[in-house]
Structure formats: C-alpha cells, structure tokens
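First the structure, in the form of structure tokens, and then the observations on it.
The values are calculated or read from the model by the stated rules, or taken from the named source; none is laboratory data. Computed from a prediction, not measured in an experiment: that's the story for all the values here. Here Cβ is always computed from backbone atoms with ideal geometry, including for glycine, and neighbour counts include all displayed protein chains.
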Amino acid sequence: MKHLITNSFTIIGTAIFFLAFLICLLSSILFIFNYSISGYIFVISFLATIGYCLLLSKFLQSKSGWQFNLYIIVSFAIIMIISANIANSFYDNSYDGQWYHQRAIYHLANGWNPFKEKVAIYQIPPGQSKENDLWGNVWVDHYPRASWICAASIYKLMGNIEVGKTFNIAFILGSFLLSTSALLSIKNIKPTYAYLIGFFAAFNPVSIYQSLSFYVDGQLSSLLVSLTAILCLFAIKSEKILYGLLIIPIVSILANVKFTGLVYAGIILLIFSIYLFLHASKRAFVWFAIASVLSIIIAVLIIGYNPYITNILSRGNPFYPLSGKGSVSVLIHGTPPIYFGKNRFHALLVSIFSEISYTNFQVTDNVIAGFGALFSSLFLLGSFLTLFLLITRSTNKHYFLTPIIILWSTVAVNPIMWWARYIPQLWLFPFLPTIFALTKINHAEIYYIKIVRAVVSSTFFIALINILFIGTVYIRGNVDFTDQMGKILANMSEASRLNSPTLITNSHRGFVEPQIHLQDRKIIYKVVDIKKLPCLYPQILIGSAESVYYCPIYK
C-alpha cells in the first residue's frame, strides 16, 4: 500500500509540473515560428499530460489496472479544477502583481511574441497613454516568463485574468505530493511524519501569502521543494533513467520563473552531482549529469531563449536588468533602514529575529521576518538539532550534510538573503535535520530518542501555528478585498449600463490591472483626466495604488 501511495503521489505531482513545462515548451516553439499564445495550448498540454500520466503509470505501477489509471487522471484533473476555481475567486491585490506581472500576461494573451519583439504599444488597454505604458516594460521585456506564459494560456482560454493564478495553488499541491512521496520512500520515516513534513515543506509562508497574487516567489519555493524531492527519489530508487528524466521539466520551469531559479538550479545540480560522484555508482552519476545538462539546455536555449539568450545578445548579460550595463537595483526602494550597514549574514539574522505582527501577512511581500514571527524559534531548533546530529555518533552523515550544504549554498549566494521571498528555501532548514534524526530513532540510545522527540514535536507544533496564523490572516484579508472589489466592479458595470461609457482616470505609470478587469467584464470605459470625471467626489479604486478614480452610482 505504501508503495502504491508513493508512486501515485509521484505521478500526480510530476504531472502538474509537466503540464506547465509543456505549455511553456509548446509556446516557445510557437514563438520561434512567429506565432503567439493560443487557448488551445492549455487544452493540448492538458490532454498530453494525461497521456504522460498513463505512460508513467505503466513504468511505476505496471501491474495496476484501469482503476489505478482512472484514479490518477481524475485526481490530477480535480487538483487543476480546484486550483483554477480558487484562483478565479480572488482578485490580486498586490502591487507588482497588478503592475508588470498582469501587464506581461495581458500582452502575451493578446498576441505579443517575446521572441520576436518588445512589448508593443498597440496592445495597450484602451485609454492607456503611451508614456504610462512604457513604465514597467523593462521587467516585462527582460524577465523570465514561464509563470506568465502558463497564466496567459489559461487566461486566453477562460477569459478572466485572475484564473492565471491557477499554477500558484497547483504547484503547492504538487510539491506536497512529491515531497511526501520522497519522505515515504525513506526507510524508518513513519507515514505520519512523512505527511506532516511534506505539508510543512509545501505550505511555505511565502507560498501561502503569494498564492492569490501574481507574484512568482511562491512558485519558486514549490519548484525547489519538488526538485529536492525528485533528487531524493533519484538517490533512493533503482529506476535512475526514469527519475533522471523527471528532473528535466522541473528544472526547465524553475530556471524560467525567476533569474534566481537558474542560479539555484545550477548550484543544486552541481552539488548533487558531486555527491553522486563520491557516494553513488558511476552509472548513476553519468546519467544524472546527462539529465542535468539536458535540462539546462532546454531551460536556457529553448524555453529561456528569451530572456537569457536575447539579454546576452542585446545587453551582454543574461540577467539584465538586475546586472550588467544599465542594470536597475531592486534594493533602491526595498531595503528597510534596519539593514543599513550590515552584511548579508548579519542582515539575515536581524530579519529572522525581528518582531513582526501577523497582521502584516495580509500582503504578499514582507521584507522583515518574512517567514513569520515564530520562525526564529524554528531556526533555533533547527540549529540545535543540526549541531546535535553533528556531534553524535551517527553513521552516514553525508546523507544529512549534503542537503544542508545545498540549502545554505543557495541562500548564501543571494546578496539579499534577508528578504524571505528571494530565499524561500530557508524555510526548509528546521525540517532537514528533523528528517535525518527520525531515520535514526529506531536504533538509538534513550537520551537520543528523548531529545529528538522533544525537538521534533516542538518544531511541528510551532510550524503548524505559524502557518495557520499566516494563512488565516492572508485569506481573511483577500476575502475582504475581493468582496469590496466585486461590489465596485458591479457598481461600475451598472454605471456603464446607465451612462455608457464609464469614465475613469489612471494616473499611475503602467498600472493597467483596473482596465483589464473592466475589459474582462465587458464594461465599456474611457480614461479621462480626473477633472473631467462627472462627480464632485470621485472614489479611489481599491488596490490601485491610489491611481484609479471613478464616479460611483448611489442607490
């Protein structure tokens, strides 16, 4: 039964990421041949992913009948449907999400081919000025866009841009399935512990408070967890070729969600290759090296041709605009004074041990204590257990040290490691020593068992409370925002019906989200100067950075 659950979780979990991979791969091929994104891309990719599920089932569960295949397909479909419905039920209230993320998704869904052209002016939502449209295009033109392509494909199909957040939620569920599958495959890990740690790994605070927005750091977290899980399965299972191939879609998407995704993927694959060279068979090392190189080639030369290759050709640096000539620093307006004059490691500790109210987690970006107020306790517990395991006479410590080295290498390479959303993998630190400690508990001395159980129980309890606090605050804030936004749009729809067109003003440079929602709801509108709005007291559209005003109707 355990074997059946492990394989079913692996199939369903990887299918979610394979779907995103296919959407990006097929879209990239269309871009190469001068076509744009079509709603059919999602449908074709979805059907092909069902075929992938059946094929993988044949390899992992060859003796299972049609009932197992039906269970896999239905489970995968239900996850995607639930994710789409949740995403479609909430309005994104984040700043960047409504700014350049939705701008990119809108343009992709309306004919923009990023391989062939810069963001085109003719695709501006009606009423937006040319000057306003240009602000933010540097991010749209030069940033990785896997999440945007996936969002645009489903937006093109469904007609509501908010449904583009589907993969935020689906990726969380996929990472839960894959991490739990990997943990169930480890000897001496009880199923209860596997499910709990899998849950904690997947429901990273960053993933939670970005799940209903178009921010992509939550997807980064889910992909890093999933890649770690696949590497664990590769090390444990005998089917090296199969699990090596499963690395390719995850690395391809990881490298094209954020620039840091490519850096993190490179570090992870390199260190794990060294581990295999030292501790595994030559066959395993060679095949993993081949799979790693192939995944990077697909990630950079095909799916990531734009931005990585085009950035090199046009700007001389693959990571423009974050580095290279004419680069723009994200730290100019994002660094709190509390970090001034401190190196990255000092700033990280300041961030972890700073006080923060959980009410701050109604928003998508927390630059201080971004993993929650209780993460400082989890960090101390993880540090204690790490040191405890290092000084005890445990065997096979390389199993434990390798993931710790990988984790801290990916954290340390980031110059803004104090900013939680840029290093979401740090959330895993308290749980890595926990996994290793639990594998040794059955044959350990009594003092070891008591210490480990106390630390593990404390870690689980604190992590659960931390996640529940953050999740409750974030969901409550988004429910309130969505309720207000729904009423406002209904009011504007009524105003449009009575006094077509609805008049609005947009003073923000490139803040196009309000117009997109009006278009999706078939509300006729016109952007005018605020002085021309036909009312004495124009109302601010919530979530628009005080840039959009309109005249409500009163009943």
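To keep it simple, each residue is scored yes or no on (1) part of a helix (DSSP H, G or I); (2) surrounded by 21 or more Cβ atoms within 10 Å (Cβ to Cβ); (3) in the same structural domain as Leu56 (by TED's automatic domain parsing); (4) among the polar types (S, T, N, Q).
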| position | (1), (2), (3), (4) |
| --- | --- |
| Gln210 | no, yes, yes, yes |
| Ser222 | yes, yes, yes, yes |
| Ser226 | yes, yes, yes, yes |
| Ser238 | no, no, yes, yes |
| Pro249 | yes, yes, yes, no |
| Asn256 | no, yes, yes, yes |
| Gly261 | yes, yes, yes, no |
| Ala265 | yes, yes, yes, no |
| Phe272 | yes, yes, yes, no |
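Would you confirm, using the coordinates I've provided, whether Leu322 is under 30 Å from Asn137 (Cβ atoms) and in contact (Cβ under 8 Å) with a residue 60 or more places away in the chain? Give the derivation first.
Details: under 30 Å from Asn137 (Cβ atoms): yes; in contact (Cβ under 8 Å) with a residue 60 or more places away in the chain: yes.
Criteria met by Leu322.
Quick check on Gly382: is it at positive phi and assigned by TED's automatic domain parsing to the domain that holds Thr439? Walk me through it before giving the result.
Values: at positive phi: no; assigned by TED's automatic domain parsing to the domain that holds Thr439: yes.
So Gly382 does not fit the description; no.
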Please verify whether Leu246 is closer than 27 Å to Ser45 by Cα and out of contact with any strand residue (DSSP E or B) (no Cβ under 9 Å at 6 or more places or on another chain), treating the condition exactly as stated. yes
Search the range 377-406 for residues being within 23 Å of the chain's Cα centre (by Cα) and surrounded by fewer than 20 Cβ atoms within 10 Å (Cβ to Cβ), and hand back the single one that is nearest to Ile441 (Cα to Cα). Ile404
If Phe388 passes every condition in (1) among the hydrophobic types (A, V, I, L, M, F, W, C); (2) outside any loop (DSSP other than H, G, I, E, B); (3) modelled with pLDDT of 95 or more but one, which one does it miss? (3)
Can you tell me which of Asn69, Asn85 is assigned by TED's automatic domain parsing to the domain that holds Leu254, in contact with a Cys (Cβ under 8 Å, 6 or more places away or on another chain) and assigned to a helix (DSSP H, G or I)? Asn69
Checked against (1) more than 17 Å from Ala151 (Cβ to Cβ); (2) crowded, with 20+ Cβ neighbours inside 10 Å; (3) under 24 Å from the mean Cα position of the chain (by Cα), Leu56 satisfies every condition except (3)
Residue check for Ser153: at pLDDT 95 or above, closer than 15 Å to Ala104 by Cβ and hydroxyl-bearing (Ser, Thr, Tyr): yes
Could you figure out which of (1) buried (at least 19 other Cβ atoms within 10 Å of the Cβ); (2) farther than 30 Å from Phe214 by Cβ; (3) out of contact with any Phe, Trp or Tyr (no Cβ under 8 Å at 6 or more places or on another chain) isn't true of Tyr422? (2)
So, of the residues in the range 521-540 that are assigned to a loop (DSSP other than H, G, I, E, B) and hydrophobic (A, V, I, L, M, F, W, C), which turns out to be farthest from Arg497 (Cα to Cα)? Leu536
Would you mention how many residues in the range 299-357 are among the charged types (D, E, K, R) and assigned to a helix (DSSP H, G or I)? 2
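I'd like the full set of residues that are over 13 Å from Phe436 (Cβ atoms) and assigned to a helix (DSSP H, G or I), limited to the range 391-404.
Here is the first cut: in the range 391-404, the residues over 13 Å from Phe436 (Cβ atoms) are 391, 393.
Residue satisfying the conditions is Ile391 alone.
This table checks each residue for (1) of a type in the set (A, V, I, L, M); (2) more than 20 Å from Leu196 (Cα to Cα).
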| site | (1), (2) |
| --- | --- |
| Asn396 | no, yes |
| Trp408 | no, yes |
| Val413 | yes, yes |
| Thr434 | no, no |
